[in-house]
Amino acid sequence: MGREPVSTDLGMPRRRVNPEASERGTLRGDLGFPQAARVALANGQLRRNLGHATATIRAKRAAVVAELDDWEALRDAGSALKADVMSRLPELLEQLEANVTARGGVVHWARDADEANAVITSIIQGVGARDGRPVDQVVKVKSMATQETGLNEALAAQGIAAVETDLAELIVQLADDKPSHILVPAIHRNRAEIRQIFLEHMAGVDPGLTDEPRVLAMAARAHLRRTFLSARVAISGANFGVAETGTLAVVESEGNGRMCLTLPDTLITLMGIEKLVPTWRDLEVFLQLLPRSSTGERMNPYTSLWTGVTPGDGPQEFHLVLLDNGRTAALADQVGRSALHCIRCSACLNVCPVYERVGGHAYGSVYPGPIGAVLTPQLAGMHGHPGVGPGAGPGDPVDTLPYASSLCGACFDACPVKIDIPSLLVHLRAQHVDGERARHRLPTAERAAMAAAAWVMATPGRFATAEKGLAAGRLVGRGGRISSLPPPLSAWTSARDLPVPPRETFRQWWSRRPSPAGTPSPFVRGAPSDE
Amino acid sequence: MRIAVFATCLADALFPRAAQATVLLLERLGHEVVFPADQTCCGQMHVNTGYQREALPVVGHHVDVFERALAPVADGGLGADVIVAPSGSCVGSVRHQHAMVASSAGDEPLAGRAAQVAAKTYELSELLVDVLGVTDVGASYPHRVTYHPTCHSLRLLRVGDKPLRLLRSVAGIDLVELPGADQCCGFGGTFALKNADTSTAMLADKMRAVQATSAEVLTAGDSSCLMHIGGGLSRLRVGTRTVHLAEILAGEGWDANL
């Protein structure tokens, strides 16, 4: 047994040692959300750290968003642009491919994670074969797409070490941890922990390292500089791909991404097919929306843009790998496809009361939080919605994700491209229920209860009768409250009382109120009026 | 004005005071209140739990009942000008889900009728401030009160500060701000059962905020959220009561002759 790291795990499961579990991939956790959430909720330090971190980011975002008079217009523009992209994705992808190719890049298409990883591995091995010197290490720009495909693990299996160069990703990687947030992957580490991770895992680090942020950053900088200067291949994701010009864009804070994008001779970019924008001008909208929504900054420090290859300047070999991995299945869903509008800002995570309390781990996917709850089921596939696969069947943890929300709507308000996440959650819940309906003709207890309730509520007589039955609840209560009920209502009374039902329902009260003369029906009665 | 009350199934069955106070308040303000007695439920629980197919007849029934309520008396209707409900969440469902449920089932005529009923349906504070043009309803309530702006009132209906404007005009009230007021209490309908642990964690933080105000009374525009927070406050014997916004606006002693 290895030593437990001294840390608070807010986030994703640690790298799995169980080979069977690892086959579930990066979108499917081992536990359903309610079970995983229970584990996370018991961690007091996690609750405290997440509460503090999300409150800080929320306040920063709110301040910079309030500065812009045209914020709502920008959101509308972002939403409209993404809707346009989704409505003509095939055409725009071909345009992108043509323009990247014309500028000296090579475009590859990957149906799923395995195909993407295989393409990238073979490109790297091709560079080694060409040079007569195998490539055993590549540098990486922070990228959600490569996390989604599990690229680092796939490369490691081929003897290629992938070095994360984003500071937070580096911390996570050195600790053999997993990210807990889309944008702030090491949100769960404090500086004392980071110092300890560097001392234990960073080769050649100064043993006198302190936990001052500047000292820690300098240590990472020195460590990474050595790596940058010797790297022959870099791997990135992309925030945007411009169909009109074939330009790719990466938005970052540290400049380490730019090192990767400019120093090595070969650059490989893995991009989800939904990351397109039609024209160069459209970047104007997204480069305002993204930094304010994500880090709460007016402008991010580094925006790198590149188009194919430029002789004598930067990488001389450029590969763009376009990833589907369930995206076309989401695209086929007229409602669900809006989840593909996501620009990965993670504003929805920071405002979500559920994420704030359970962290990223409970979602079991590289995409946690509200957007993860609507994106993961569509990419991975759940019961009732095909993704890259059909869903894992009964007990699939992914099936619990659409229910991991109180539908409070804070995510919709924060989303810079106005994804109506609550409506998407409800849509996916309906797909899941309809999937269950198709699979089991015999109803579950829940379905039977819902059908009975609908039967009662579609008819007034039945409803009034059912209300009378509720009065029996007066027998269960003590001191005006009910503190214990059988399952499934025990989930309520485990922490909350219920009031005993009233002596009289509203409609009973109404029916015994004296009816003034001359009213058109026994149900119509008003106050004596001045008229 | 003739106002049809949509009591909501929850208030009708478990929290009748919210609907009774709504009736007596509107009558005190000189309006005529009618109660379409065939009404049942908006169907939100079904929709939000994924049972849209089961929700369809419930939605259809709601539209039938309130379409008749709005129809002229000469045509066999109740001649109501508007519909009011003491719930932001149920009005949110009427406004944002009914037409969608009908459309999803391919019933476009029902979707159109649902949209017409929705356009005449208001949450209580909307009705008072936007339609009836009052913020001072002439109530007095000499208690320390804090207000929880429920998620659906806040984000689906955008009631903004209307409930607070109404409360500030109440004589004698000691209105204190609830810290982190816009945070969800963790109810979320069946969320509280399916994700009881997470729901309880959210509730615990909401209760901490309520306690920090030292309020005697927590008020809100939704009986459902009040049932949730009130259930927690009751379990822990916090001593803060939950009272629907309508009961405060109806004025002290409104229930003397119920």
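Readers should treat all values here as calculations from the given coordinates under stated rules, not as data from a laboratory. Because the structure is predicted, anything quoted here is derived from the model rather than measured. Here Cβ is always computed from backbone atoms with ideal geometry, including for glycine, and neighbour counts include all displayed protein chains.
So here's what we get for this one:
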read-out: Around B:Gly160: net Lys/Arg minus Asp/Glu count, Cβ-Cβ under 12 Å; value: -1
read-out: Lys pairs under 18 Å by Cα in the protein assembly as shown, provided they are eight or more residues apart or on distinct chains; value: 6
read-out: On Cα atoms only, tilt of A:44-66 relative to the major axis of chain A in degrees; value: 80 degrees
read-out: Cα centroid of the stretch B:1-63 to Cα centroid of the stretch B:215-250, whole Å; value: 20 Å
read-out: Mean Cβ neighbour count within 10 Å, used as a protection proxy, ranking A:111-117, A:395-401 highest first; value: A:395-401, A:111-117
read-out: Inter-chain Cβ neighbour average for residues B:167-179, partner chain, 10 Å; value: 0
read-out: Shielding by partners - mean other protein chain Cβ count within 10 Å, residues of B:201-208; value: 4
read-out: Other-chain or far-sequence residues with amide H under 5 Å of A:Lys142's (modelled H); value: A:Thr165, A:Asp166
read-out: Amide H within-cut-off set for A:Val277, under 5 Å, with H built and near neighbours excluded; value: A:Gly241, A:Val242, A:Ala243
read-out: Chain B, relative contact order [Cα under 8 Å, separation at least 6], %; value: 20 percent
read-out: Calculated from backbone phi, Karplus (6.51, -1.76, 1.60) coupling profile of the stretch A:89-106 in Hz, x at Gly/Pro; value: 4, x, 5, 5, 5, 5, 5, 4, 4, 4, 6, 5, 5, 4, 9, x, x, 10
read-out: Per-residue [θ]222 nm for the protein assembly as shown (sum of -39500 (n - 2.57) over DSSP H runs n ≥ 4, rounded to 500); value: -13500 deg cm²/dmol
read-out: Relative contact order of the stretch A:378-496, pairs being alpha-carbon contacts under 8 Å that are 6 or more residues apart, as %; value: 15 percent
read-out: Where Rh is the Kirkwood radius over Cα pairs, Rg/Rh for chain B; value: 0.97
read-out: Mean separation of Cα contacts under 8 Å (6+ apart) over length of the stretch B:144-250, as relative contact order %; value: 32 percent
read-out: Taking A:Trp109, A:Trp306, A:Trp509 and counting other C-beta atoms within 10 Å, the order from fewest to most; value: A:Trp109, A:Trp509, A:Trp306
read-out: Whole-Hz ³J(HN,Hα) from phi, Karplus 6.51 cos²θ - 1.76 cosθ + 1.60, for the stretch A:469-483, glycine and proline x; value: x, 4, 4, 4, x, 5, 6, 7, x, 10, x, x, 10, 10, 10
read-out: Neighbour-count ranking [beta-carbon atoms within 10 angstrom, fewest first] of A:Lys60, B:Lys194; value: A:Lys60, B:Lys194
read-out: Virtual spin-label span in nm between B:Ala37 and A:Ala102, 7 Å along Cα→Cβ; value: 7.5 nm
read-out: Most mobile listed residue (B:Gly160, B:Gly138, B:Gly106) in chain B, GNM with C-alpha springs under 10 Å; value: B:Gly106
read-out: Cα-based helix-to-principal-axis angle, A:113-131 vs chain A, degrees rounded to 10; value: 10 degrees
read-out: Unpartnered cysteines - no second Cys beta carbon under 4.7 Å - across chain A; value: A:Cys260, A:Cys342, A:Cys345, A:Cys352, A:Cys415
read-out: Ranked A:His427, B:His62, criterion: other C-beta atoms within 10 Å, fewest first; value: A:His427, B:His62
read-out: Alpha-carbon Rg with Dmax, taken over the protein assembly as shown, Å; value: 28.8, 102
read-out: Inter-chain shielding of A:445-456 (mean C-beta neighbours from other protein chains, 10 Å cut-off); value: 5
read-out: For A:Gly387, residues with placed amide H under 5 Å, excluding near neighbours; value: A:Gly381, A:Met382
read-out: Table column - 3J(HN,Hα) (Hz), the stretch A:224-240, Karplus curve with 6.51, -1.76, 1.60, x for Gly and Pro; value: 6, 4, 4, 5, 4, 5, 9, 6, 9, 10, 10, 10, 9, x, 8, 7, 8
read-out: Cα-centred dipole magnitude for chain A, charges only on beta-carbon of K, R (+1) and D, E (-1), debye, nearest 20; value: 2060 debye
